[in-house]
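Each remark here refers to the structure printed beneath this line.
The values are calculated or read from the model by the stated rules, or taken from the named source; none is laboratory data. Source: prediction; values computed, not measured. Here Cβ is always computed from backbone atoms with ideal geometry, including for glycine, and neighbour counts include all displayed protein chains. Ligands, DNA and RNA are stripped out before the accessible areas are found, and what is left, the full protein with its side chains, is counted by its heavy atoms. Shrake-Rupley method; radii C 1.70, N 1.55, O 1.52, S 1.80 Å.
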Amino acid sequence: MALSAVKKIMIFLFPEFKEKALNLLQLQGEVHLDSVESILPEDLCKYFRHGSSTETTHKISNLENRLHKIEETIELLGKYQKKNVLSNFLQPLEYVNLEQFKNLSSESETHLINKVAELENTVIRLEKEIRKYKFDISQLQIIKDTGLKLENISDTKEAFILLIKIAVIDWQNFETQANELLSNESHVEIVSNNKHGIAALIIGLKDKKINFLEMLKQQSAEILEFNNLEGTPNLAISNLREKINVAMEKMNKVRRELKNLTAVLPKFHLFYDYVKTELDKESKTELLKTSKYTLLITGWIEERNLQSLNQKFNSENIEAAIIDSEPEENDNPPAKYDNPGTIKPFEFVTDMYSRPKYWEIDPTPFLGVFFALFFAICLTDMGYGIVLSIVTFIALKKLKGLSANSRKLMKILFYSGIATTFAGLFTGGIFGVSFDNLPDGFTWLNNLVVLNPLQNQMGFLIFSLSLGIIHVSFGIFLKFYWNLKHKNTCEAFLDQAPWLAILLGVVMLGTASAVDVALLSNIGYILMIAAGAVILLFAGRSSKSIWGRFGLGLFSLYQVSGLLGDILSYARLFALGLATGVIAGVVNFLAELTLGIPYLGYILMPVILVAGHLMNIVINALGGFIHTSRLQFVEFFGKFYEGGGEPFEPFKLNLKYTKIKEQETL
């Protein structure tokens with residue numbers, strides 16, 4: 001329920017220990033570095049100046065360039081690596097020694113990058129040549145059966161010679177305009193007329209060329225240019241095809257060489273993580289401050305890690321003074337979750353809304369229980385729960401490349417799948433089949449059914465709304481508890497207790513109508529009236545005016561309608577749970593109809609069953625996740641939770657492809 005306790009930390013050391021200290025902090029991954037201004041009082045900050053310099057800025061720029069080149073090389077070689085759709089997820093991390101990591105040669109990196117870049121440039125150049133050859137062949141098709149000498153289609157001293165291509169329907173208009181423009185001192189001749197269009201040879205005086213080219217722009221004609229081609233069109237086509245074959249052979253050879261170079265991808269992965277580590281370290285230099293004699297590193301550390309950090313500095317012979325202190329009320333310490341393993345995945349959902357502030361309740365433990373329960377009610381099918389649990393369990397075991405958040409999401413779905421299995425067990429449904437319709441050996445399952453949504457819809461709706469009352473009440477109670485804990489007794493009993501009393505009164509009225517007990521009904525009314533009076537009289541106590549207090553109290557009392565609206569919002573659980581069962585039943589009905597089709601029915605039936613139920617699982621699991629999240633964020637969090645905290649992000653090795661063996665022992 002609480003976040004991990006953190007302390008301010010100030011590390012004073014001599015500048016010569018800067019590199020060693022940063023390496024240690026990065027390897028340990030326990031200190032959230034922060035600016036000196038956030039840690040020290042303002043009057044002390046003036047004694048320190050920025051630890052970064054022009055040299056640091058230059059170094060950061062060089063590291064960014066190196067990292068960009070390495071990324072490009074990894075991406076390039078990745079195109080030639082054999083892999084399937086799941087390769088990125090199945091690829092395990094590469095373990096390396098710390099010394100091996102530190103002693104990487106930039107010369108080796110540069111040599112390999114240049115070699116890969118040179119080979120890729122060769123491939124690009126050859127691809128460009130092949131495209132040009134193929135384009136020339138396509139242009140030559142229109143005149144391939146002519147005896148034209150391509151080398152002769154070029155300007156002379158006195159005349160210009162052009163070969164143009166034009167559509168048959170545009171030829172007559174073009175010929176008329178060309179003859180008018182070029183006069184009698186010209187020659188316009190059709191040299192080919194086929195399915196590709198008309199090819200015409202144009203010869204005219206050079207002083208008319210500019211005007212002729214202007215006229216061409218207004219026509220649908222295209223100039224055919226065959227620079228560096230000789231002989232007849234057929235001979236040129238034959239030569240171009242030979243050039244394509246030669247270029248393809250060269251390109252395939254280079255590609256094979258690039259494919260062989262994918263063997264060094266692990267080395268580039270190492271280069272990437274090393275340079276990224278160095279870049280992160282240099283970037284953090286901007287947070288450091290220096291005085292006349294010392295260097296100051298400031299930040300936050302979990303209280304439980306403070307002793308081990310001191311011991312590590314001593315064991316590495318780093319001369320430093322580490323001073324810690326408790327956070328003050330006006331501080332904004334970073335928030336670090338401290339939840340058990342089963343609850344930890346649900347931090348993903350909390351972070352979707354916002355990280356809690358250090359001083360407030362972490363809602364994750366409560367959210368986790370309600371989230372899995374509500375998700376299960378949205379599916380309410382034992383078979384769907386089993387499928388979801390198995391699929392996510394396999395994904396967690398086999399997909400090694402999943403990000404931390406992706407693994408959390410998979411675990412949420414795994415736990416929710418288990419909850420769905422039990423929900424289906426208690427609501428009597430498996431793949432849309434009621435337990436009543438199962439073979440005789442499974443009739444005992446009917447004894448476990450508590451509420452069948454398809455047979456008792458009103459009961460299921462009441463159950464969903466009852467969960468809403470519990471959920472909303474618990475959110476208000478958490479705020480009540482928090483105020484009491486922080487000695488805000490007045491706020492607890494005047495702002496939260498009346499609303500809890502109203503909800504309790506609603507429950508009593510509902511129970512009284514069900515069991516016909518007048519006493520419960522009377523107590524319910526008394527609670528609601530008394531709570532309403534407290535809200536009316538004290539909700540506006542911040543106002544100095546009597547009428548202002550009354551007005552604010554009346555407005556607050558009006559929020560009863562909003563509270564009831566929040567409860568009604570839980571009817572979405574009823575709707576989604578009912579929809580899942582109905583759609584599953586429809587899928588089974590359609591599959592059963594296909595049995596009447598001879599032979600083909602035995603093929604269609606399993607296809608419809610598998611595809612229909614998979615679609616139902618995916619759609620309703622997505623709907624369940626979205627609507628369950630919405631109930632947490634709006635109806636639950638709105639009662640006690642603010643969020644907006646800064647995540648605790650320790651300065652550490654952010655490795656993408658590798659893992660340091662020494663970290664396993666830390």
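Within region 478-496, the set of residues being surrounded by fewer than 18 Cβ atoms within 10 Å (Cβ to Cβ) and part of a helix (DSSP H, G or I) comprises Y481, L484, K485, T489, C490, E491, F493, L494. Only a single item in (1) within 30 Å of A263 (Cα to Cα); (2) part of a helix (DSSP H, G or I); (3) modelled with pLDDT under 85 is not met by N84, and it is number (2). Just one of the listed residues (T628, T580) is of a type in the set (V, I, T), modelled with pLDDT of 95 or more and either part of a helix (DSSP H, G or I) or in contact with a Ser or Thr (Cβ under 6 Å, 6 or more places away or on another chain) (or both), and it is T628. Among the residues in region 264-277, are any acidic (D, E) and modelled with pLDDT of 85 or more? Scanning region 264-277, I find at least one residue that is acidic (D, E) and modelled with pLDDT of 85 or more, so the answer is yes. Here L309 fulfils each of the conditions (1) surrounded by fewer than 17 Cβ atoms within 10 Å (Cβ to Cβ); (2) more than 16 Å from S4 (Cα to Cα); (3) modelled with pLDDT of 90 or more apart from (1).
Between residues in region 236-251 that are among the β-branched types (V, I, T) and residues that are exposed (fewer than 15 other Cβ atoms within 10 Å of the Cβ) and in a helix (DSSP H, G or I), which pairs lie under 8 Å by C-beta distance while being six or more apart or on different chains? What qualifies is I244/K134.
L216 meets all of the listed conditions (1) touching a residue at least 60 places away in the same chain (Cβ under 8 Å); (2) open to solvent by less than 20 Å² (accessible area, probe 1.4 Å) but one, namely (1). Scanning region 268-285 for residues being of a type outside the set (G, A, S) and open to solvent by 10 Å² or more (accessible area, probe 1.4 Å) gives a total of 10. Evaluating A514 against the criteria (1) closer than 23 Å to P453 by Cβ; (2) crowded, with 19+ Cβ neighbours inside 10 Å leaves one unmet condition, (2). Taking the condition part of a loop (DSSP other than H, G, I, E, B) and surrounded by fewer than 20 Cβ atoms within 10 Å (Cβ to Cβ), does D331 pass? It is true that D331 is part of a loop (DSSP other than H, G, I, E, B) and surrounded by fewer than 20 Cβ atoms within 10 Å (Cβ to Cβ).
Results for (1) part of a helix (DSSP H, G or I); (2) touching a residue at least 60 places away in the same chain (Cβ under 8 Å); (3) more than 17 Å from A514 (Cβ to Cβ); (4) open to solvent by less than 50 Å² (accessible area, probe 1.4 Å), shown as yes or no for each residue.
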{"residue": "V450", "(1), (2), (3), (4)": "no, no, no, no"}
{"residue": "G459", "(1), (2), (3), (4)": "yes, no, no, yes"}
{"residue": "L465", "(1), (2), (3), (4)": "yes, yes, no, yes"}
{"residue": "F474", "(1), (2), (3), (4)": "yes, yes, yes, no"}
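Within region 1-35, the set of residues being of a type in the set (G, A, S) and either assigned to a helix (DSSP H, G or I) or at positive phi (or both) comprises A21, G29.
Among the residues examined, F640 qualifies as in contact with a helix residue (DSSP H, G or I) (Cβ under 8 Å, 6 or more places away or on another chain), within 30 Å of N305 (Cβ to Cβ), buried (at least 19 other Cβ atoms within 10 Å of the Cβ) and touching a residue at least 40 places away in the same chain (Cβ under 8 Å). Inside region 281-303, residues that are under 15 Å from L24 (Cα atoms) and outside any strand (DSSP E or B) make up a count of 4. Checking T156, T146 one by one, the residue that is within 21 Å of H187 (Cβ to Cβ), surrounded by fewer than 12 Cβ atoms within 10 Å (Cβ to Cβ) and β-branched (V, I, T) is T156 and no other. Applying a threshold of 6 Å to beta carbon distances and a minimum spacing of six or more residues, or different chains, the list of pairs starting in region 7-29 at a residue that is within 14 Å of N314 (Cα to Cα) and ending at one that is among the hydroxyl-bearing types (S, T, Y) reads F12/T294. Could you go through region 508-522 and let me know if any residue there is among the hydrophobic types (A, V, I, L, M, F, W, C), over 26 Å from G459 (Cβ atoms) and out of contact with any Lys or Arg (no Cβ under 9 Å at 6 or more places or on another chain). No, region 508-522 contains no residue that is among the hydrophobic types (A, V, I, L, M, F, W, C), over 26 Å from G459 (Cβ atoms) and out of contact with any Lys or Arg (no Cβ under 9 Å at 6 or more places or on another chain).
Conditions tested, residue by residue: (1) assigned to a helix (DSSP H, G or I); (2) at pLDDT 90 or above; (3) small (G, A, S).
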| residue | (1), (2), (3) |
| --- | --- |
| G551 | yes, no, yes |
| L576 | yes, yes, no |
| P598 | no, no, no |
| G623 | yes, yes, yes |
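Summed over region 413-444, the residues that are more than 30 Å from E347 (Cβ to Cβ) and not in a strand (DSSP E or B) give a count of 13.
Take region 350-379 and flag every residue that is within 29 Å of S38 (Cα to Cα) and open to solvent by less than 50 Å² (accessible area, probe 1.4 Å). Hits for region 350-379 are T350, S354, R355, P356, Y358, E360, I361, D362, P363, T364.
Quick one: is S434 of a type outside the set (A, V, I, L, M, F, W, C), free of Cβ contacts under 8 Å to residues at least 40 places away in the same chain, surrounded by fewer than 21 Cβ atoms within 10 Å (Cβ to Cβ) and closer than 20 Å to V618 by Cα? No; evaluated as a whole, the condition is false for this residue. Just one of N314, N234 is farther than 30 Å from K128 by Cβ, out of contact with any His (no Cβ under 7 Å at 6 or more places or on another chain) and open to solvent by 70 Å² or more (accessible area, probe 1.4 Å); which is it? Selected residue: N314, the only one of N314, N234 that is farther than 30 Å from K128 by Cβ, out of contact with any His (no Cβ under 7 Å at 6 or more places or on another chain) and open to solvent by 70 Å² or more (accessible area, probe 1.4 Å). Hey, any hits in region 588-600 for a residue that's in contact (Cβ under 8 Å) with a residue 40 or more places away in the chain, surrounded by 19 or more Cβ atoms within 10 Å (Cβ to Cβ) and of a type in the set (A, V, I, L, M)? No, region 588-600 contains no residue that is in contact (Cβ under 8 Å) with a residue 40 or more places away in the chain, surrounded by 19 or more Cβ atoms within 10 Å (Cβ to Cβ) and of a type in the set (A, V, I, L, M). Evaluating A247 against the criteria (1) aliphatic (A, V, I, L, M); (2) modelled with pLDDT of 90 or more; (3) surrounded by fewer than 16 Cβ atoms within 10 Å (Cβ to Cβ) leaves one unmet condition, (3). Please verify whether L288 is within 16 Å of P650 (Cα to Cα), open to solvent by less than 10 Å² (accessible area, probe 1.4 Å) and in contact (Cβ under 8 Å) with a residue 60 or more places away in the chain, treating the condition exactly as stated. Criteria met by L288. Listed conditions (1) within 21 Å of Q457 (Cα to Cα); (2) touching a helix residue (DSSP H, G or I) at 6+ places or on another chain (Cβ under 7 Å) are all met by L595, apart from (1). Inside region 178-209, can you point out the residues that are surrounded by 15 or more Cβ atoms within 10 Å (Cβ to Cβ) and not hydrophobic (A, V, I, L, M, F, W, C)? Across region 178-209, the qualifying residues are S186, S192, H196, G197, G204, K208, K209. Among the residues making up region 87-112, those that are small (G, A, S) and at pLDDT 65 or above are S106, S108.
Restricting region 539-561 to residues that are small (G, A, S) and exposed (fewer than 10 other Cβ atoms within 10 Å of the Cβ), the residue that is farthest from the chain's Cα centre (by Cα) is S542. Listed by first and then second residue, the pairs linking a residue in region 400-419 that is modelled with pLDDT of 90 or more to a residue that is among the polar types (S, T, N, Q) and surrounded by fewer than 20 Cβ atoms within 10 Å (Cβ to Cβ), with Cβ atoms under 7 Å apart and 6 or more places separating them unless they lie on different chains, are F414/S389; G417/S389; I418/S389.
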